[in-house]
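One structure is given here, and the rest of the page talks about it.
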Amino acid sequence: MTSEPHPRAIGSLRAVALDAPDIHRLAAFYEQLAGWRPLPHEDEDDWITLETGDGWRIGLQQAADHVPPRWPGQDRPQQAHLDFRVPDIDAAAERAQQLGATLLRRTERWHTLADPAGHPFDLCVNPDDPRTTLMGVMLDCPDAKALSHFYAELLGKPVTYEADGVAMIGEDGAQPVMFQQVEHYTAPRWPDPAYPQQIHLDVRVRDVDAAERAVVAIGATRLDGAGPNWRVYADPAGKPFCLIWTA
């Protein structure tokens, strides 16, 4: 267990984005499962933003050539997953399957399922809250400690937990990002669809040029992808993330 001083942020977490072949189907799944709501006045055909009601924004990005994960192996790795808290994991798992999820594993404290796009997620028991809430996003990586410190500097969230093979930045209830060490980790090779990113983080910045210098200095790599208000990078584990700004 650790709690380091709050570092100065390069940017702030804007959204956790999931690739999917049918973003409207995936949006409907999470709306019905967790009560998430799409942001109005978005006119992009390839993107939907959902608000969770507990501080998160989840982006759904159209990917016609999406190759779903095959959990728990590393031949088609999940790369990351979402952790939910629910009052009754059995009832929540049954509801998720009725909505199109696939049950992957049951334990006493959590159940693992795949959403309609194939992304694994965990339902964790929290009997003291009747709501379905998003506890955090968990990134797979070869070195949990190293990657947690990278994102602590990027997002300005303190490292609040470290143990053997796992770490967390940010406080519980304040959009924490978690990290789990994976044996034989296979990195994405964005934009190669054979090695898909599956999930990526969007990080809002004010000055993208200054932010680019800062992220490269802490170990990021600029990738060949950019738009009028976004640029693509890879973190030290090879996972793409975007710096975004108001154009």
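Data table
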| read-out | value |
| --- | --- |
| Count of the range 85-109 residues which are within 24 Å of TYR185 (Cα to Cα) and buried (at least 19 other Cβ atoms within 10 Å of the Cβ) | 0 |
| Test result for VAL159, at pLDDT 95 or above, surrounded by fewer than 19 Cβ atoms within 10 Å (Cβ to Cβ) and more than 24 Å from HIS66 (Cα to Cα) | no |
| Test: residue in the range 20-40 that is under 17 Å from LEU201 (Cβ atoms) and surrounded by 21 or more Cβ atoms within 10 Å (Cβ to Cβ) | yes |
| Residues of the range 172-189 that turn out to be of a type outside the set (Ser, Thr, Tyr), touching an Asp or Glu at 6+ places or on another chain (Cβ under 9 Å) and surrounded by fewer than 19 Cβ atoms within 10 Å (Cβ to Cβ), as a count | 3 |
| Unique residue being buried (at least 23 other Cβ atoms within 10 Å of the Cβ) and without any contact (Cβ under 8 Å) to a residue 24 or more places away in the chain when the list is ILE169, ILE199 | ILE169 |
| Single residue of the range 92-111 satisfying the filter (free of Cβ contacts under 8 Å to residues at least 60 places away in the same chain and among the aliphatic types (A, V, I, L, M)) that is nearest to THR133 (Cα to Cα) | ALA92 |
| Residue match in the range 204-226 (condition: assigned to a strand (DSSP E or B), of a type in the set (Gly, Ala, Ser), without any contact (Cβ under 8 Å) to a residue 40 or more places away in the chain and farther than 25 Å from THR52 by Cβ) | yes |
| Complete set of residues in the range 229-247 that are out of contact with any helix residue (DSSP H, G or I) (no Cβ under 9 Å at 6 or more places or on another chain), at pLDDT 95 or above and not in a strand (DSSP E or B) | GLY238 |
| From the options ALA167, ALA187, ALA194, ALA146, residue that is small (Gly, Ala, Ser), in a loop (DSSP other than H, G, I, E, B) and at pLDDT 95 or above | ALA187 |
| Residue match in the range 26-40 (condition: at pLDDT below 95, in a loop (DSSP other than H, G, I, E, B) and more than 14 Å from the chain's Cα centre (by Cα)) | yes |
| Count of the range 126-142 residues which are surrounded by 17 or more Cβ atoms within 10 Å (Cβ to Cβ) and in contact (Cβ under 8 Å) with a residue 60 or more places away in the chain | 7 |
| Filter result for the condition that a residue is within 25 Å of ALA234 (Cα to Cα) and in a loop (DSSP other than H, G, I, E, B), over GLN61, GLN74 | GLN74 |
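The values are calculated or read from the model by the stated rules, or taken from the named source; none is laboratory data. Note that the structure is predicted; figures quoted are calculated from it, not measured. Note that each Cβ is placed from the backbone with ideal geometry, even for glycine, and that neighbours are counted across all protein chains shown.
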